[in-house]
1. Any idea how far apart V31 and N75 come out in nm if each label point goes 7 Å out from Cα toward Cβ?
2. Could you pull out every residue, at least 5 positions away or on a different chain, whose amide H is within less than 5 Å of the one on G149? Hs are placed 1.01 Å off N in the peptide plane, and Pro or chain starts have none.
3. Lys/Arg Cβ at +1, Asp/Glu Cβ at -1, dipole of the chain taken about the Cα centre: which of L28, S13, I70 is farthest positive-ward?
4. Would you please give the residues with an amide H less than 5 Å from that of A30, counting only those at least 5 places away or on a separate chain, with H modeled from the backbone geometry?
5. Please list 3J(HN,Hα) in residue order for the stretch 139-152, calculated via the Karplus relation 6.51 cos²θ - 1.76 cosθ + 1.60 where θ = phi - 60°; whole Hz, with x for glycine and proline.
6. Which of the peptides 197-210, 18-31, 123-136 is most tightly packed, and how do the rest follow, judged by the mean count of other Cβ atoms within 10 Å per residue?
7. Just order 96-108, 163-175, 32-44, 146-158 by mean Cβ neighbour count inside 10 Å, highest at the front, would you?
8. Could you name the aspartates and glutamates in cross-link range of K8, using Cα to Cα under 19 Å and dropping any fewer than eight places away on the same chain?
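No lab work stands behind these numbers, since they all come straight from the coordinates. Computed from a predicted model, the values in this text were never measured in an experiment. So basically every Cβ, Gly included, is an ideal-geometry build from the backbone, and we count neighbours across all protein chains shown.
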Amino acid sequence: MSLLNSPKAVGPSRWRLPHFSELPDGDLVAVGGNLEPATLVNAYRQGIFPMRVSEVEALLCWWSPDPRGILPLDNLRVTRSMRQGARRFDVRVNTCFSHVIAACADPSREKGWITDDFIAAYTTLHELGWAHSIEVFDRAGELAGGLYGVRVDGLFSGESMFFRKRDASKVALMALVDLMKETRMTLLDVQWPTDHLARLGAVAIPRREYLDRLANAIR
């Protein structure tokens, strides 16, 4: 298993997102633009990512949370049940990205935000070698869980995960961390800190510290 490290060039974006030094206070830093590959990749390079919110769902919003959630690669908390659960599954990489993002976008999920235009945009990113999926299959060969996100050099920005069987999404996260270590990646971005992610070892850091780590990761 590996995460492709030679994506196709996307060039500059015609949209100007705020530079590191210009980010305003608050998590929301820009509105508008598009989801073209160049816009997305350049946004991740600047510590910014897109997400629609229900209150302004017609608008494309760009975020740089403060504090920022990250999962230090040596801090993942692997419980006994997670280790035992991993034995029940087969982990693959980039074999069914479309199925993973569709499962993450299931409209029945609470606080769903992955719309059709996001699915199309990140599928294009995947085809260009920037977006990746970690897939967990059960012994019957059925997709049991997984995650997807964007890699830029030493950064992996986790976008969403799902599970259909207990511990499957955690197994995907374990596999991602192992792959990142193997390829000397350094920064696993989980965007907003949550209680669930904190139980897995995620921590909240100031945005300025995140941007410093990001600069080192994509250097």
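1. 3.3 nm
2. Result for G149 returns H132, E159.
3. I70
4. W62
5. 5, 8, x, 8, 5, 9, x, x, 8, 9, x, 10, 9, 10
6. Ranked from most to least packed, the peptides come out as 123-136, 197-210, 18-31.
7. Details: 96-108: 16.2, 163-175: 21.3, 32-44: 19.0, 146-158: 23.3.
Listed from highest to lowest mean packing, they are 146-158, 163-175, 32-44, 96-108.
8. Straight-distance partners of K8: E36, E127, D153.
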